[in-house]
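The next block holds one structure in the form of structure tokens; read it before the comments.
The values are calculated or read from the model by the stated rules, or taken from the named source; none is laboratory data. Predicted, not measured: the structure shown is a model, and the values here were computed from it. Backbone-built Cβ (ideal geometry, glycine too); neighbour counts: all protein chains shown. For the accessible areas, the whole protein counts, side chains as well, though only heavy atoms, and no ligand, DNA or RNA atoms are used. Shrake-Rupley method; radii C 1.70, N 1.55, O 1.52, S 1.80 Å.
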Amino acid sequence: MELTLWTYEGPPHVGTMRIATAMEGVHYVLHAPQGDTYADLLFTMIERRDHRPPVSYTTFQARDLGGDTAEMVKTSVREAYERFKPQVMLVGESCTAELIQDQPGSLAKSMNLPVPVVSLELPAYSKKENWGASETLYHLVRSLLLSKVPPPGTIRPERDPAIRPKANIIGPTALGFRCRDDIQEVIKLLADIGVDVNVIAPMGATPSDLLRIPDADFNICLYPEIALTACKWLERSFKQPIVKTVPIGVGATRDFITEIGEVAGIDVSSALRRSKAETLGSWNAARISSSATPGASRLPWYSRSVDSTYLTGKRVFIFGDATHAIAAARIATEELGFTLVGIGTYSREFARQVRAVAADHGLEAVISDDYLAVEAAVAEAAPELVLGTQMERHIAKRLGIPCAVISTPIHVQDVPARYSPQMGWEGANVIFDDWVHPLMMGLEEHLIGMFREDFEFAEGHMSHLHTAPHQAEPINAEPVAVGASTAAEPNADAKAMGLAPEASLGTSLGTGAETGVSWTVDGIAELKKIPFFVRGKVKRNTEKFASDRGISSITVDTLYEAKAAIGK
Amino acid sequence: MALEPCTKSPTATLPAATATAELPVLRERGQREVFCGLTGIVWLHRKMQDAFFLVVGSRTCAHLVQSAAGVMIFAEPRFGTAILGERDLAGLADANEELERVVEELLVRRPDISTLFLVGSCPSEVIKLDLAKAAEKLNHRHFPKTRVLNYSGSGIETTFTQGEDTCLASMVPVLPEKPPETGETAELLIVGSLADVVEDQFTRLFNKMGIGPVAFFPPRRAANLPRVGKGTKLLVAQPFLSETVRLLMRRGAELLPSPYPFGIEGTTAWLRTAAEAWEIDDAQFEAAIAPSVTRAKLGLDRYRALLSGRKAFLFPDSQLEIPLARFLSRECGMELIEVGTPYIDRKLMDAEIALLPEGTSLSEGQDVEKQLDRCREARPDITVCGLGLANPLEAEGLSTKWSIELVFSPLHGYDQAGDLAELFVRSSERRRRLSV
Ligand code: SF4
């Protein structure tokens, strides 16, 4: 038993819903009590889908338990088939149904429906949403393609060099992070190097599309959390190599192109050259009108332009699914010049990879799905920017730190109306804007640093940013995604039972109670002149410095001695 | 249990006017698209600020509460889930110890909790985890600092708002006894959570009429329990509190059956029920409510013209459907196509049903696909439904109103009558404005 306040992932059957909802011609019958129908709103509200997810629930009740809940499964399957006429039926159970052991999958299979039935037994008490999505995709692909697997030892015929290579794009789902737009970017990248798209799955695919998967020369594993299991099976069964680089960021996009060049045996050097050819900083009319798809990103030049100097060494904390966290770490450090001060993931299946990235930066990865542990880690690392999920967005808001969302779980505002991919050249542009915008502009920051006592530079003032974090005030309610708009007294929690103010980074100045050192009046006054977003860290460091040296009272001099000894 | 068909309710307690007995009710038992009782935590934890709600359930349960709350993360929330793992399912003794450990962990971190609710879920009920016994054991250790209560919010036992019923019902046995020396002196107990601002409005009205003392259940602090006994008169503010009312009556309280305080008519009827019990004379009653009624009429008039003659279709969700339908039909002049509700408890609903226009098509339970077919066919001007259905129906050109908003907003009483109507106007008004 595990105490949980907020969860990063839903149960595994929600993962199945993400696959079913992404596809066409699939219907999912879920043996579950009525409350589980809440999951529909994730799709209709957060993604603003104009159709209900293709899911029928048996909604059994207590009074049915003694009776024939198995019969309810059959009725639901029959009615769902008659009404929706899917090409494939998925049948599974939620946590409660798992306990009553009706085996809905076998029941449905015994009904001799005229379409394939894929039975999904996903252990709800040990597994989670992404795993559920991954298993569902794997089982779906496998059940449809098993009969087509060539006998062992069959050699895949070489591609006729006259025919352009074909790729499958595997992994984009409903409720993923920017999948809708990433697909477009990846298609553009492929077109640029002469690769055709064979099947995109699960998003937008029908079961008959899945049957065409073996026609491609290779599979692009776009979101490993969802797609790797299926891609590995396809590799084993159909000898389709896997392209594993996830093209998020400029460097990763170049690597992605390079990897495809190797896997497909094509020359990609001109695409790579083009991505480095120019700054895209020319505003010449002819250049502008011809630069609709420049085959390059503005990120490199924007990052090198002098205005970005202030990004140097910004302390960044990253948390998300493994794919996005790993990609973010590379962009942050190699492409924006930030300093990584923390990284973690809730995807335990990919903990090893995230640990490796952390180790490269001399850090220990936070592998956890306990959001309080993540919050503590963020507070401890005292970053200037948090890149995370919807959860970290709230954590950062409470701590008064700028934040950008880079990964699921998401909210309605993470499904923007505008085109905003994360992948490819445009994805890198979007990332530059989304990550840099929350930060204070370069010269502005200097001015605030130099003239802290200007009365208009209120505490926490962030000039062009309208959402000035303010420690003394609890953070206001978010515009609530699912729309439950008017919960009363949103601040009550923060006041009554929030984190101790000391745990937050901000302005709590008092004395260093835990360390037994105290601050002199002038020491405190000087501390107040330090920008609020690093003040907590400076305070802690200074107190530790003092207590290590047996200094009981911190003066202005102690503060600067500590600064000299510890650095920024 | 209120999930039973209404015909099984004891007819003895029905009020005299049972002209509605023959009212045809369509009973359906297909797929229900309704939240479970865990959802009640979303507003109950705000209402009782010293209480913590610990769901004993699965990741699904945690995900439901979080999704219904719209991930309103302000701070560490006053609810959480003890998620059962495979180890817990293996042996029951183990699960009990685990629960105790989790509670210890929680209470160390949140010493400010005065009442801890262990909330049962489908999984905890199916594996027969005895939360009553667990609560009793925990009370030995933590009472009086923290009182531990338990109730069921499971989807196999409760729908959406029924979670408030089971929660309040769990508090009834620990309400202090009305002292015997007060004899049968009347005391008014308002049952059902109301927005604080609405409570204050009602308190002022009761004071003006000279009705008192008045207490509210649930209280704003769970540690501040109202007393109950002979002489306690129950005025029910929410139409989904069957079990709570039953238990309060067992403790000697008397139910004052009444329509619910939605709209001017409902509020007047509700207040009059109390006034009659207190034998307040008409003049005093009218004088007390007159300013509020005038104001409310002004507020409502603006919207009535926009709603009058329009068609409404209500999907079952919050149990507020019947009182709302009564308001929409009688005070806003709307035509009712279908009024669906998860279940009908005649004892608590007859006073409302009696006010529905003759021939209103009532449905109980649900078969969501068939109901959607009926709704599409009827093309209502406004559809009240859950969040899962709203956007798809909007995309089909139907205006919708989310039932969860009706539960989360202060809508009871005179001063909110206009707001209530406005909620129904807003979506059509939006359609009218938009030309994209
Ligand atoms: S319906 Fe049951 S299993 Fe589902 S969220 Fe509600 S209590 Fe949990």
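A simple spin-label model places the labels of A:I566 and B:A132 5.7 nm from each other, with each point 7 Å out along Cα-to-Cβ.
When a 1.4 Å probe is rolled over the protein heavy atoms, the share of accessible surface on chain A that falls to carbon and sulfur comes to 54 percent. Once the Cα atoms of helix A:69-84 and of chain A are each reduced to a long axis, what angle between those two axes, in degrees from 0 to 90 to the nearest 10, is obtained? The two axes meet at around 80 degrees. When the Cα positions of A:L3, A:V186, A:S94 are compared along the charge dipole of the protein assembly as shown, A:V186 comes out farthest toward the positive end, with charges on each C-beta of Lys, Arg, Asp and Glu.
Applying a threshold of 20 Å to the alpha-carbon distances of A:K539/A:K563; A:K244/A:K314; A:K74/A:K148; A:K85/B:K370; A:K128/B:K47 flags A:K244/A:K314; A:K74/A:K148; A:K128/B:K47 as lying beyond it.
Taking Cα atoms only, the orientation of helix A:371-381 departs from the longest principal axis of chain A by about 40 degrees. Given axes a ≥ b ≥ c from the Cα gyration tensor, I'd like to know whether segment B:293-434 is rounded (a/c under 1.5), prolate (a/b larger than b/c) or oblate. Cα axes put segment B:293-434 in the oblate bin. Beta bridges assigned by DSSP with both partners in the protein assembly as shown are antiparallel in approximately 5 percent of cases. With 21 Å as the limit, the listed pairs B:K208/B:K233; B:K347/B:K401; B:K311/B:K401 have B:K347/B:K401 beyond it between alpha carbons. Shielding value for B:382-392 is 5, the average number of Cβ atoms from other chains within 10 Å of each residue's Cβ.
Relative contact order for chain B: 19 percent, from Cα pairs under 8 Å spaced at least 6 residues apart, divided by residue count.
Annotation: peptides A:539-545, A:302-308, A:150-156, ranked by per-residue average of other Cβ atoms within 10 Å with the highest first, follow the order A:539-545, A:302-308, A:150-156. Once a ≥ b ≥ c are taken as the square roots of the eigenvalues of the Cα gyration tensor of chain A, is the result rounded (a/c under 1.5), prolate (a/b larger than b/c) or oblate (a/b not larger than b/c)? Note, shape of chain A comes out oblate. Segment B:381-424 and segment B:292-361 have their alpha-carbon centroids 12 Å apart.
Gap in Å between the Cα centre of segment B:210-241 and the Cα centre of segment A:245-315? If you average the Cα positions of each part, the centres end up 68 Å apart. Working from Cα pairs under 8 Å separated by at least six residues, relative contact order for chain A is 12 percent. Restricting attention to chain A, close to 5% of DSSP beta bridges with both partner residues there are antiparallel. Within straight-line reach of A:K127, meaning a Cα separation under 12 Å, sit the following aspartates and glutamates at least 8 residues removed in sequence or on another chain: A:E9, A:E135, A:E349, B:E86.
The relative contact order of segment A:238-286 comes to 24 percent, based on Cα pairs under 8 Å that sit 6 or more residues apart. For the peptides B:224-232, A:140-148, A:418-426, B:36-44, the ranking by mean Cβ contacts within 10 Å, running from highest to lowest, is B:36-44, A:418-426, B:224-232, A:140-148.
Pull out a ≥ b ≥ c, the square roots of the eigenvalues of the alpha-carbon gyration tensor of the protein assembly as shown, then state rounded if a/c is under 1.5, prolate if not and a/b is larger than b/c, and oblate in the remaining case. Oblate, since a/c reaches 1.5 and b/c is not below a/b.
Over the residues of chain B, the helix contribution to mean residue ellipticity at 222 nm works out to -13500 deg cm²/dmol, using -39500 (n - 2.57) for each DSSP H run of at least 4. Think of each Lys and Arg Cβ as +1 and each Asp and Glu Cβ as -1; about the Cα centre, that makes the dipole of the protein assembly as shown roughly 1140 debye.
Against the main long axis of the alpha-carbon atoms of chain A, helix A:12-22 sits at an angle near 70°. Inter-chain Cβ neighbour count for A:56-67, averaged per residue, equals 5 (cutoff 10 Å, partner chain atoms only). Label sites at A:D267 and A:S106, each approximated as a point 7 angstrom past Cα along Cα to Cβ, lie 6.0 nm apart.
The helix-only estimate of mean residue ellipticity at 222 nm for chain A, built from DSSP H runs of length n ≥ 4 each weighted as -39500 (n - 2.57), is -12000 deg cm²/dmol after division by the residue total. In terms of the mean number of neighbouring beta-carbon atoms within 10 Å, the peptides A:107-119, B:407-419, B:349-361 order highest first as B:407-419, B:349-361, A:107-119.
Counting only other chain Cβ atoms within 10 Å of each residue's Cβ, the peptide B:31-43 averages 4.
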